[in-house]
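First up is the structure itself, then whatever we jot down about it.
Computed from the coordinates by the stated procedures, all read-outs in this text should not be read as laboratory data. Just so you know, these numbers come straight off a predicted model, no measurement behind them. So basically every Cβ, Gly included, is an ideal-geometry build from the backbone, and we count neighbours across all protein chains shown.
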Amino acid sequence: MAKTYAKIYYEDGKPYPETLKQHTENLLKQIEILTDLYKEELNSIGLEEEFFNHLKIACLFHDTGKISSHFQKKLKKILGETVKLPEGLNKEIPHNFLSGIFLLEKDLKEQIKKEYFLPVFYCVVFHHSRNIDFSPEYLQLVIEKDIKQNVSTLSWLLDYGFKSINVSPERAKILYKRIEEYLFNQGRTPQIKKDKKFIFLKGFLHRADHSASAQVSIEEKRINNPEKKLLNYLKTVKNSSGLKPFQQEASKYRNENILLTASTGMGKTEFAVNWIGKDKAFYTLPVRVSVNAMYERFSNIFGKENIGLLHSDAVFYGFDKPETFEDLLSIEEHIARTQSTRQLSMPITITTADQLFTATFKYSGYEKIYSTLAYSKIILDEPQSYSPDTLAVIIKGLQEISQLGGRFCFMSATIHPFVVKYLKDYCKILPPQFHKEKKHRINLTGEPIENLKNYMIKEYKNGKKVLVILNTVKKAQEVYKLLREEDLNVNLLHSLFIQRDRKQKEQKIQNPEEPVIWITTQLVEASLDIDYDVLFTEIASLDSLVQRMGRVYRKSGRNITESSNPNIIISTAQPSDKGKIYDKDIVNLTKEALKEFDEKILLEEDKQNLMNKVFSEEKIKNTNFFKKFIKNMELLELGFQAESKREAQQLFREIYNIQVIPENVYNENLEKIENLIESILDKSKPYPERLKSMYDLNNYTVNIPYFRIKETLPTAVTPQKIKTQIFTVSLRYDKGLGLVLEEEELGKIL
């Protein structure tokens, strides 16, 4: 009997097949690993033997449609084998649709409990997202002339206790109707899609299938004795005396959802680690730089082998430090860990929020994330950095995940009161933890920021490390040019530097040893752990200003007195974003609220009180900021869904970015860039070597919102064979200034 294949893998450039039986058995092994490691947690959310019996049926039949001659012909052609197609069958029907016909057989239906039948059926038929481009008559013809003739190749399924394995072509019309109902959300499918059994069945089927296909474990081993590892780590931290009382309290709330307000520097991270305990967890932050830093911190506590890093560039992590990888083998280990992390397999994963909460948009396949989070813990750190649209998506996601059984810890130095309103029924609100240190004295000035140039220079010449935060890239470039005319140690950082230059600047801005002026944007608010002496900033909304203040006198023990000069100077005149980034009404409310503290010390508790005042629902209900939040919440309540994961990612990020190489950078490095592209495409080279070439190529790029360059006609640099497209644009790039944009308004470029 001819072998039936499910997959083709490549090793040293040569293809080798995996049979359908082998692939299916690998899925069952993955489910066994999952239940062995997390049985207690899965049982606690209602997933017991009956559920896993039905998941086993879904795994056994999910790929049975691959006995199709069309499918086998594609795989066997790669192996140099031939397959003759049945006469008149000129179009391939996706295998996942064909798999459904087996589940309509009477003998098999009798082994599936009535309430499980449609969840099992639909999770098999839609484990891939495909559309119908065939008629019910053609479907019946394929089943009759092809699938029925090849059923004998599935005889190994009889070993799993089934009475018979067969198909009935006349049931093709029932299959077609059910596929249509699901695609167009008709019949019983709207209820089925919300059914917990369906979400878990489809989610775990995806995870088992993807893990088996990627040849990684569905779950890596749990961390051994995490509490001891945390305490041992704290012994190595300077001036640490172990867990503070409020951090110790975290262990009491391990089975609850919690909301914590705690000052910067109080030790929220250690609180979260103690709250996680022995459980699987996902720690989220807004931006990649802070995710990378937190990954290092968790790796120091638990060991790199236990921690996953998940964001769009995670596979390139460490390539900027040659000492990270001792040899080719250590790069391969990093790649393997990245693969495991992508499959959500690590015991603790540090990630950007978009990697998880795009699932709130319910694109096809979102169940993989929801089913995993249902037996895990999620930490939301620095949530005040998100836009109102994104906050709505995250809050809705937390509500739904907690209803499935997942637990969350929402923590920040300051929290919007309306966020508390939407989460209070889902979590326990802990007493706030504010330190009493006096760190910030503010000064409001009606002068435009550029008029403060001499003040900045004076502070610099007094030996200070000066931070200047502007609302737009263009204003940052203008202020930098003004200060560059003087004989000063002045630098510029924003998001429109090519990656190579940006990484160097991000390193340089941290821990300077001599007086310096750094001009930057909101980029530093939540991403870089920096501690400066004085801040000059444009007026923004209060939540953003509080984040900016946190970059000054950040370290514990740094205090000011009543006689100290202000170390936070806020320019309230002519903000450069002109209301396009920060809601004008909220900025005005912020100005009014801050007047009370002009020339005064602002304590951490004061900041939260001001947040409650500025962002009270009564005051902001008519602002565009709050309207965006409410609109997204209402859309999600009504069941809004994204068509695809890509669309969900764009909705979450609010803006479509593309990777570009500025034209002068491209021309200056043409030979290197062409050699790197050639290396990436050369499959005879080891994958780690090609990955390093992709990393080196990315170093010449900058991410930019598409709307900013749509008039410049970007030209593709990379061929379509390379998954991530890179373009060149005719915008000038300057190593000191970054990408030079001549437009008057920069919208949301930060």
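Tabulated data for the structure shown
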read-out	value
Value of [θ]222 nm, deg cm²/dmol, for the chain, DSSP H segments ≥ 4, -39500 (n - 2.57) each, nearest 500	-13000 deg cm²/dmol
Kirkwood-Stokes translational diffusion coefficient of the chain, alpha-carbon pairs, 37 °C, 0.692 mPa s, µm²/s	115 µm²/s
Value in Å of the Kirkwood radius, where the range 60-146 supplies the Cα pairs that are averaged	14.0 Å
Fraction of the pair-distance distribution of the range 106-231 above 23 Å, Cα-Cα pairs, percent	49 percent
Net charge of Cβ neighbours under 13 Å - reference Ala6; Lys, Arg +1; Asp, Glu -1	+2
Principal axis dimensions, largest first and in whole angstrom, of the range 5-214 by Cα	52, 46, 32
Normalised contact order of the chain, rounded percent, pairs of Cα under 8 Å and 6 or more residues apart	12 percent
The range 440-602 - charge dipole about Cα centre, Lys and Arg +1 at Cβ, Asp and Glu -1, debye rounded to 20	400 debye
Flagged links, alpha-carbon separation over 19 Å, of Lys3/Lys148; Lys421/Lys621; Lys421/Lys619; Lys114/Lys148	Lys114/Lys148
Projected-area mean, the range 655-739, by convex hull of Cα positions, square nanometres	5.9 nm²
Considering only the chain, percent of DSSP beta bridges that pair antiparallel, nearest 5	25 percent
Net +/- balance of residues flanking Thr590 in space, Cβ distance below 14 Å, scoring K and R +1, D and E -1	-2
Quotient of Cα Rg and 2.2 N^0.38 Å for the range 440-602, N being how many residues it contains	0.97
Cα shape, the range 226-429, gyration tensor, a/c 1.5 rule	oblate
Note, ³J(HN,Hα) from phi for the range 392-407, Karplus 6.51, -1.76, 1.60, rounded to Hz, x at Gly and Pro	4, 4, 5, 4, 4, x, 4, 4, 5, 5, 5, 5, 7, x, x, 10
Angle between the chain longest axis and helix 499-509 axis [Cα atoms, degrees, rounded to 10]	40 degrees
For Tyr160, Tyr700, order by how many other beta-carbon atoms lie within 10 Å, fewest first	Tyr160, Tyr700
DSSP-defined beta bridges in the range 655-739 - what % are antiparallel, rounded to 5	65 percent
Total formal charge among the other residues, if their Cβ is under 13 angstrom from that of Lys173, Lys/Arg +1 and Asp/Glu -1	-2
Of Gly318, Ala413, Pro245, farthest towards positive along the dipole that unit charges on Lys, Arg, Asp, Glu beta carbons give the range 226-429	Pro245
Helix 604-614 vs. the chain, principal-axis angle (Cα, 0 to 90°, nearest 10)	70 degrees
Full-stretch length increase - Asp36, Leu681 - with 0.36 nm per residue and alpha-carbon distance subtracted	228.1 nm
Cα-based helix-to-principal-axis angle, 584-595 vs the chain, degrees rounded to 10	40 degrees
